[in-house]
Ligand SMILES: Cc1cc2nc3c(=O)[nH]c(=O)nc-3n(C[C@H](O)[C@H](O)[C@H](O)COP(=O)(O)OP(=O)(O)OC[C@H]3O[C@@H](n4cnc5c(N)ncnc54)[C@H](O)[C@@H]3O)c2cc1C
């Protein structure tokens, strides 16, 4: 366990350095989008007819404030917990005020930590990354979709939290800086909760406010054990329906239920060849996120310091160059 924590700590330190750079310039999309949330809130409060809310800071045309710090862990109170399926729940944490946003520039994640007592009696910390499923500009709260592992230290800790309890969070931790208008052909391979960073990217690419990626095409291969495990299915299928020429969703299911007509089994070289933009396609990037074993089989494991590590596995076998693959 200790080595894992050490690695995580290094990741925090490294990511903190890059996250500082992020904070130098607040993403413009956040500034622009907050009046929308403000307007929606004005409408809702108007219906309530409560004038005292006019003093609420939401109306004060204030700059959205990032709730997280890349420098230090801060405690955030758990507000609500919603079951998503048999092993995954959605956790909503309160931000300090309605002026606060997660402000997680796409694509980035946060680090969570929980203390434990070491054998020598001193305090150690379990540290794990998570990607919010609420939007970066959402005021007042942040939400995570977290899968429970019976042997999992952090997932068990978070699943045991009750509303009113708090979780320590630090961020944002920069991952892939999505530069609008740069990539025209995007491939994604996600396994289980590995969908969360892909969701960030998909929302960004298909955002109505994004005028630079309107010809960007995205194909997502989403691998799950059973159909019940498919997270955020409605939203993903909504994009496929709304943008049939730009967003293709391919499910791969290990143990399908009767009547399943999609792909059965793991993500194979043939499945990748059939659906993802090929290695020679210009302006291409392929994103991968999933369990360690899946990542290793598809693109090679990340390095012990959590940097990208060499490209291996299926994508190497199919001749994708290293700079066209990004492992979350
Ligand atoms: C950038 C990034 C973003 C992430 N975002 C999310 C997210 O939004 N939601 C989410 O639920 N998770 C996410 N994760 C995974 C998360 O960080 C943890 O790895 C996960 O919650 C397990 O941590 P744990 O401490 O509970 O398990 P650990 O104590 O690390 O592992 C204990 C055991 O649990 C099992 N286990 C742990 N992880 C996996 C796995 N992925 N697949 C299969 N078995 C496993 C294994 O049996 C393992 O031996 C993300 C990971 C990364 C790198």
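Which of rounded, prolate, oblate describes the stretch 164-242, given a ≥ b ≥ c as roots of the alpha-carbon gyration tensor eigenvalues and a/c under 1.5 marking rounded, otherwise prolate only if a/b is larger than b/c?
Details: a/c = 1.89, a/b = 1.19, b/c = 1.59.
Verdict is oblate for the stretch 164-242.
Among rounded, prolate and oblate, which fits the stretch 89-131 when a ≥ b ≥ c are the square roots of the eigenvalues of its C-alpha gyration tensor, a/c under 1.5 means rounded, and a/b larger than b/c means prolate? Display every interim value, and only then the final one.
Working: a/c = 2.80, a/b = 2.11, b/c = 1.33.
Since a/c reaches 1.5 and a/b is larger than b/c, the shape of the stretch 89-131 is classed as prolate.
Per 0.36 nm of contour for each residue apart, how much would the distance between residue 119 and residue 308 grow if the chain were fully extended, relative to their Cα-Cα spacing?
Numbers: separation 189, 0.36 × 189 = 68.04 nm, distance 3.30 nm.
This chain segment gains 64.7 nm when fully extended.
In nanometres, what is the gap between the two model label sites at residue 149 and residue 211, each 7 Å from Cα along Cα-to-Cβ?
Roughly 4.5 nm, to one decimal.
Given axes a ≥ b ≥ c from the Cα gyration tensor, I'd like to know whether the stretch 240-328 is rounded (a/c under 1.5), prolate (a/b larger than b/c) or oblate.
Working: a/c = 2.00, a/b = 1.35, b/c = 1.48.
Oblate is the answer for the stretch 240-328, as a/c is 1.5 or above yet b/c matches or exceeds a/b.
What's the ranking of 77-87, 272-282 by average number of surrounding C-beta atoms within 10 Å, highest first? Spell out each step's value before the answer.
Numbers: 77-87: 14.0, 272-282: 15.5.
Put in order of decreasing packing, that is 272-282, 77-87.
Sticking with the crude label model, points 7 Å out along Cα→Cβ, report the distance from residue 226 to residue 65 in nm, one decimal please.
The modelled label-to-label distance comes out at 4.5 nm.
Using Cα-only point scatterers and the Debye equation, what is log10 of I(q)/I(0) for the stretch 65-174 at each q in 0.21 Å⁻¹, rounded to two decimals?
After summing over all Cα pairs, the log10 values are -1.17.
Place the peptides 101-109, 251-259 in order of packing, highest mean first, counting for every residue the other Cβ atoms within 10 Å and averaging per peptide. Mind showing how you got there, number by number?
Details: 101-109: 24.9, 251-259: 13.6.
With the highest mean Cβ count within 10 Å placed first, the list reads 101-109, 251-259.
With r as the distance between the Cβ atoms of residue 280 and residue 165 and R0 = 41 Å, compute the FRET efficiency 1/(1 + (r/R0)^6) and round to 0.05.
0.20
Given points 7 Å out from each Cα along the Cα-Cβ axis, report the residue 242 to residue 296 separation in nanometres with one decimal.
Using points 7 Å along Cα→Cβ, the separation is 3.9 nm.
Read-outs: derived from the displayed coordinates by stated rules, not from any lab. Computed from a predicted model, the values in this text were never measured in an experiment. Don't worry about glycine lacking a Cβ; one is built from the backbone with ideal geometry, like all the others, and counts go over all protein chains shown.
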